[in-house]
Structures are given as structure tokens and as C-alpha cells.
Amino acid sequence: MHRYSFAFLLLLLLPFVLSTGLISCGKSLSVPPNEPGVSLELAEFRKSLLSDIQYTLYFNIPERREMPIPATVSIKFTLNNEGYDIPLDFRESADKLRSLTVNGTSAEIIYENEHILLPAGMLHPGENQVDIELIAGESSLNRNPDYLFTLFVPDRARTAFPLFDQPDLKAVYKLTLEIPSEWEAVSNAALSDVIQEDSTKILEFRPSDRFSSYLFSFVAGRFEKVTRTVNGVEMTMLHRESDPEKVERNLDDIFELHAASLEWLEEYTAIEHPFQKFDFALIPAFPYGGMEHVGAIQYRAGSLFLDEDPSDSRLLSRASLIAHETAHMWFGNLVTMKWFNDVWTKEVYANFLAAKIMNPEFPDINHELNFLLRHHPSAYSVDRTEGANPIRQNLANLNEAGQMYGPIIYNKAPIMMRQLELLLGDDLFREGIREYLSSYAFENATWPDLIRILDQKTSTDLAAWSDVWVNTPGRPHFSIVRNGSASLLQTDPAGQRSRFWPQQFSIVELSPSGTQTRLVTSQGAATELDQALGNNRIYNANGYGYGLFPASPDNLEAWLEFGDTAKGSELINLYENMLEGVVDPADYYGRLLNIIRSESNQLLLNRALSYLGTIYWNLMSKEERESAAPGLEEMLWNLMMQQPDASRKRIFFDSYRNVAVTENGVQRLYDVWAGNTKIEGLSLSDNDLTGIAAILAVKSHPRAEDILRIQLDNIQDSDRKRRFEFLQPALSADPSVRDQFFESLKNPENREIESWVISSLNYLHHPLRTDHSEKYILPSLELLEEIQVTGDIFFPSRWLDATLSNHSSDNAVETVRTFLNERPGYNEQLRMKILQSADMLFRSNTILAP
Ligand SMILES: [Zn+2]
């Protein structure tokens, strides 16, 4: 018989001992495989082992952006078990790591698959400390010539420095920044000390509140600083705007909107603003509207600093953005999703509550109409497509978390939430939200956690209710059958007979005595309506419902009889039916022309003009468009001249700028740009003139080259000048220059400022240039996987939208279909994004087919 040595026996046993974690706690833990990103298994593994995390961070940021950023990271954490190697996340080249010290002892750096392994043998139960010296990674630092801003959502903090980058390991951050003396900086916590050196200064921030890693942030650079106290709250704003009048014009509103949002939220949630301070930074080329970093919100400057005479829509968008980001302090920052599959829970509250917060700020606005126009068109734009996704999705690894974002979570989810509020009643709903916030404050929660709280407040089975609305994609179709009496049928276009979206909405109908409204609850296949159904009927007249509703262009003949929300609903219903092939685009176009002549509500006017523009550019053949253009241009110009107030003039002017294509029409635009024609009552900003110059180039004005050059010279603001410089080749009349520009986008460095890239793609793929840009479709699709890795959260879909939505040719359709067919194993989420963005392409191709 062979005798095993004791040591050999121990070796045999060791993997068993390690993998079951028997050493100290008796609870078995499965060790996740070491793979790139942050897998759900890794997150669960670390969550069960780690607590009390604190990061002490130091970054030395030189003025010149090509110089590296030396950094140190100290991580303290409590380990409640032993025997496991603990991976830290760091997605960068390993050469950036200079040294690693674990509990005071220098350690070899073991770097594999975007992780630094902290060896089990150097860790112990209780408090541990890890110290790392490195050169910071830069891919999410957004370094510009004289400023930078970090944007780490959803899992990008790990591109800058090593940490445990998952939302349910909340931590305290203690930051020190060394920056050039004349720079300013803002971060999540207040400053505790400033030490002036020769050419630099050292900013020490206080320990932050406890929050998730995606919310850690700082902004530093040449910024102006404005501090104000409103309603007892001190707020500091950083900005780079060079036009003092523009700043002055917007300042009061910006501060007051924040203060009003804070006050409203404290009242609604019964929880005071939960963090130590509340500041914000306005950044010129921020990739989207805003990001809710604790104590240091970031905004795209242009979303808050509005030009003169903004339309109602622009004012509402700004207020809603501010309310949205402020709401995140409670929803997302105080109570955070456990995993990014529930990122939608923070977005749905933020949008749903933003809509409520704005009501008192805009007493003259019809908020039901505003909610409808801000949510339904956008939600339908995804839910009607072949690539529709459910609100709640699975997410295996945080490196795909960016794919969770889109109109379904921002726009469909709030519609669902309104139905939920309707079901429970305002008071119970609010009570449930308060309970949810206080139960999970400074912790993490899931959607089922909220549903459990709300479920106790109603007899309806909310789990089943939520299952259809939240866990499945798509929208119901509604129709009427008359069989003696009339019934409203709800059907599932995907053919599942048992799937219904329980919901309430109203139907308004015209009778000889005026309009009559009836409330309908549809929760099964058929809902009996009483017999008296008039001829002119608008479904979903109150805007609470969701689906494809019957619509009739004839209703527009009785336009003035209906209320504003019903009108908005019918505009949307007709548009959706047009895309389904039920309503004729030419018919709808003609009736929209009548509406824009008479409609006094700015929100409805904007919507009608936007649909008019879509039909004009996407659903008319070139010949049809050319024949419609002279009449449309003339009409818009005259309507603009007749408007008494500047913001309405602007709406018509923007629309005119969009549609003008005839020689005379384009020349008139040129005269406005050149100052030969003054439109009384309309002042044109730098942004307006830049936009006109760009569109004159796309519309092949004979002086295009001069126009672009002169406009570039005229721009004073350095950030806006850099942007317009970037756009120049995309606007060029020379196709080979545009080709070279497109080619340059294959280099990720040239895609760093995403909002510029999207603007340039919109010009490259302008409907007048689609013949030439069709060849960019395939390489753009081929880049998508890389863009998903290198770009911020909204970039992949915006890249696709800008690339696909203006095309309609058979070739373009073929390119997309073939691309997907040839890649059966292609990333499912990206496949869906492509199908979402290609929806307009597919539909316009079908509608335009001879
Ligand atoms: Zn948000």
C-alpha cells in the first residue's frame, strides 16, 4: 500500500478548504472565475466578504494634458473571512502600477484580466489596508486643454484607479488633488484645506458621505465659480461660459430651480437632503444632459445656459433636467440599485418625480400634456421596434451595464410608474416610497424590494402586474369591435394570448352637446364600452395609457374642440399608426400644415412641426419633397414673421432652417446668417449662427467654404471654437474630406468628445447626403463592439441613431440585415440596439417602396 505524506494530503485537501471557506465561518463561498470586468459572481463574492470600505486618493494633475497624472490609492476595508485572494478592479495597462503594499508589506503585483489580486496570505479578518502607487488611467478623465472631469458611471472608476467597482460596496472617499494654482475644483465632499505651493495648490477634501463607486467624481480646471445661498442652501456652480450676458440671464433660474427641487423632494420624501453639500459644474462638451454625482452634479453647459428667448420646450427641458438630477440625491445616491440591471429604478423615479417637481414652477403649462410629449413618443420609438427590450433586463457583467440605458428606462418606466400610482392612489404610493427610502438609506435595494413594500398596500397582485410591465418588452395594440355594443380589445402584437398590460386611460368623444370623457380600465382582452360611441373619438385622451391606439385623421378636422392633452395624444396616435402603415403620410402631412397655422400651444406646435419634419425628410421621396418645399418654406417664413413673441418666432425659424432646400429658401437663410436680413424680434446667438453656417454647408450654398471659415473666425468662445473646428471636415463639400474624417473616427482618440462626434455624424448622414454616406453604415456597425467598450453609456445608441435614421434605401436595409445575419453569435444587447436604431430605416424603406 502506498503511503501519502502528510504534506501531500494537505495539498490534496487545500483546494477543498479554500473553495468552501471552511477555515473560519463554515459558510461556503464559491470563488468566481477571474474574468475581465466585474461579473455578478465577483460582485456577490466580494459583497459577502468586504465592508467598511474607505478610499484615500491623491491625484497630481499637471496643467498640460499630455503629462501623466501620478496618483496614490489607499484602501481600508474590513474582511470578514480569510483564505481568499481578493480581486481589485483596474482596467488599464499594468505598467501604470508602480507599487503595491498590503498591510504594510510590499507585495508583488499580480495583474490579470483587469484585476489586481490581493493575496489571501497577506490579508486577515478585520481591518486591512492596501496602498498603491500608480499613474492614473485616463480613459474616463475627459482631459481637455485646460480642464478635466471624471465620468465613472457605470463601471469606469476602475479605468482610473484600482477599487472595488460595484454599486453595493458603498464607501467613503477622502480625496486630495494637486492642481495648477489658477484652477478650480469640485468633488463630492467639501474642501477642508487649501495649501498654496509655487505653481500648484493642494486641495484637501473632507471624507465624503458613503456612496457607490460610480458616483465618485471630481472636476478641475479653469472655471468661474459662483456661490449663492437659496432657501438656506449654499450651492456653488463652476462654469466656463465666456459670454457674461448669457451667464447673467440664466443664473437666477439655475439656482432657483435647484433650490425648488430640493425643497420639493424633502417634502415628498420626508427626508432632508442626505449629503453634506450640493454643488454643480457646467461642462461645455459633456456627453449627455447631466450626471448626478453626490455633491457635485455635472451638466452639459448648453442644457442650462440657454440662449435668448428660449421656447417653452427648452425651458421645460432645463427644469426637468435639474429636477431629475436633484431627485437622484435620494433615488440612486441615497438608495442605490444593488446591481446595474436595476439602474432603471433610479432613472424612473428621477423622471417620474421630475415631472411632478416642475408643476409649481410652470403654472401656465399643461403638465399632463408635457408628460405625454416627453415620454410616449420616445418610449414608442423603441417599443415598436424589432429590438425592443424590457424595462428590467439581466446583466451578467458590469462591463455591459451601459447597454441597460435607453428610452425604455427613461420614458416607458415613468409611464408604468404613473399607472402604478393610479392603482395605489397618491397617498399610499408616496407612503410606500418613503418606506422604501428609509428602509434602504445609504444601502442598496432591488425593484422587487419596492414591489414587496407596495404590494402590502393593495389587493392587486403587484408582482404579477409588474411582471408584464417590467419584465417583458413591447406595447399592446388596441382596437374597437362593434357587435351590437362596442368593445375595446387589447391584443399582444407578439401573439401571447395571455399577456395584457393592465391600465387606465380616458377616451374623449365629440357629441352634439360638446366633448364627453369616459375613463376606461383595460386589463383583459375585451372591455365593454357602452353603445353611445360618437364619430370623433380620441383614445388615451388623458395620456395615461400606453400602446398603439386607433386614430383617425378626421379628428384633426375637429381640432379646436379637443383639449390640449387629447390633441397631443392624437398627434402621437396618428404618427404611430402612420408608421404601422395605417395612416397615409401625405394625408397626415397635409393636416399637420393646418394645425401649425392655428395651434397656439407651443408644446403641441413643436410636436406637430417635428412630425412634419420627419415626414418631409424620411417619408417623402426626393421628388415629393422638392415639390412640397417651396410651399412649406414660404408658409413657415410667413408664420414666423407673424408671431408676436420671440420664442414662437424661434420655433418657426428653427423649423424653417431645418426644411429649407430651394435655392431661394437657402439664400434667405444665408441672408439671415450674413446679417443682410434681420428678423425683427429674433436675436441670433453664436450657437444659432454656427448652426446656420453648418446647415448652409450641408445644403451646398455656393459660398459654403467661405461661410464655414468666416463663422469659425467669428466664434469668440474657445470651447465653441474647438467644437466647430472639429466639425469642419464633416461639413465639407468635398466627399473625400468627409471620407477621411469618417476614417479618422475609427481611432478612439478622435471619438473622445462624444457630443461632437454625434453632431458630425448627423451632418455626414444628413438626408441630402445619404447617397454618399451609405457606405459608412457597414464600418460604423463594425465599430459598435469597440464603441461599447470605449464610449460612455448613451454613445452606442446615439452612434447608431445618427448613422441609420436618415437612410431609407434598399441597400442600407440590406447592409443592416446582412450584418446581423452573418453574426449569429453577436452580442444580444447590441443586436437589439441596432434593431432599435434601424426602425426608421426599415419603416421608411417600406413606406417609400414603389
Ligand atoms: Zn438620471
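The values are calculated or read from the model by the stated rules, or taken from the named source; none is laboratory data. All figures in this text were calculated on a predicted structure; none of them were measured in a lab. Note: ideal-geometry Cβ built from the backbone for every residue, glycine included; neighbour counts use all protein chains shown. Surface accessibility is based on the protein's heavy atoms, side chains included, excluding ligands, DNA and RNA. Shrake-Rupley method; radii C 1.70, N 1.55, O 1.52, S 1.80 Å.
Things worth noting here:
- Cα→Cβ-extended label distance, 7 Å offset, between residue 394 and residue 740, nm: 4.8 nm
- C-alpha center-to-center spacing [region 66-139, region 754-778] in angstrom: 43 Å
- The packing ranking, built from the mean of other Cβ atoms within 10 Å per residue, places the peptides 612-625, 503-516, 827-840, 178-191 in the order 827-840, 178-191, 612-625, 503-516, highest first.
- Other residues whose C-beta falls under 11 angstrom from the C-beta of residue 805 contribute a net charge of 0, scoring Lys and Arg +1 and Asp and Glu -1.
- Rounded to the nearest 20, the size of the Cβ-charge dipole of region 224-320 about its Cα centre is 380 debye, with Lys and Arg at +1 and Asp and Glu at -1.
- Taking Cα centre as origin and charging only the Cβ of basic (Lys, Arg, +1) and acidic (Asp, Glu, -1) residues, the dipole magnitude of region 411-468 rounds to 160 debye.
- Panel values: the chain, Kirkwood radius from alpha carbon pairs, Stokes-Einstein at 10 °C and 1.306 mPa s, translational diffusion coefficient 55 µm²/s.
- The residues of region 385-434 present an accessible area of 30 Å² per residue when probed at 1.4 Å with all protein chains retained.
- The residue 182 and residue 560 beta-carbon pair, evaluated with R₀ = 41 Å, returns a calculated FRET efficiency of approximately 0.10.
- With a simple spin-label model that places each label point 7 Å from the Cα along the Cα-to-Cβ direction, the separation between residue 434 and residue 511 comes to 4.2 nm.
- Cβ-Cβ FRET estimate between residue 662 and residue 771, R0 fixed at 25 Å, reported to 0.05: 0.80
- Helix-derived mean residue ellipticity, 222 nm - over the chain, DSSP H n ≥ 4, -39500 (n - 2.57), to 500: -13500 deg cm²/dmol
- Positive dipole terminus of region 400-495, leading residue within 437, 486, 414 (C-beta point charges): 486
- A Förster distance of 51 Å, applied to the separation of the beta-carbon atoms of residue 528 and residue 442, puts the FRET efficiency at 0.55.
- Additional length obtainable on full extension of the chain from residue 718 to residue 64, 0.36 nm per residue less Cα span: 233.8 nm
- Dipole of region 328-400 computed with +1 at Lys/Arg Cβ and -1 at Asp/Glu Cβ about the Cα centre; of 381, 340, 350, farthest Cα towards the positive end is 340.
- Extension gain (nm, one decimal) between residue 226 and residue 458, 0.36 nm per residue minus Cα-Cα: 78.7 nm
- Here the gap between residue 276 and residue 198, fully extended at 0.36 nm per residue and compared with their Cα-Cα distance, gives a gain of 25.0 nm.
- Estimated dipole of the chain in Debye, rounded to 20 [Cβ of Lys and Arg +1, of Asp and Glu -1, Cα centre]: 1080 debye
- 3J(HN,Hα) along region 377-388, derived from phi through the Karplus expression 6.51 cos²θ - 1.76 cosθ + 1.60 where θ = phi - 60°, amounts to x, 6, 4, 4, 4, 9, 5, 7, 8, 5, x, 4 Hz, with x in place of Gly and Pro.
- Spatially proximal lysines relative to residue 746 (Cα-Cα < 21 Å; intrachain offsets below 8 disregarded): 775, 833
- Highest to lowest packing among 412-423, 265-276, 362-373, scored as the average C-beta count within 10 Å: 412-423, 362-373, 265-276
- Taken along the Cα-to-beta-carbon direction at a fixed 7 Å, the label points for residue 817 and residue 34 span 4.7 nm.
- Carbon plus sulfur fraction of accessible area for region 310-354, probe 1.4 Å, in percent: 51 percent
- Remark: for residue pairs 277/338; 699/721; 47/174; 356/678; 96/721, the C-alpha separation exceeds 30 Å in 356/678; 96/721.
- C-alpha long axis of helix 828-837 to longest principal axis of the chain, angle in °: 20 degrees
- Nearest 10 degrees, 0 to 90: helix 413-424 Cα axis against the chain principal axis: 90 degrees
- For region 293-304, 3J(HN,Hα) computed residue by residue from phi via the Karplus equation (6.51, -1.76, 1.60; θ = phi - 60°) reads 3, 3, x, 7, 5, 10, 10, 6, 3, x, 7, 10 Hz, glycine and proline entered as x.
- Considering only 535, 160, 787, and ranking their Cα positions along the charge dipole of the chain that arises from unit charges at the beta-carbon of Lys, Arg, Asp and Glu, the one farthest toward the positive end is 535.
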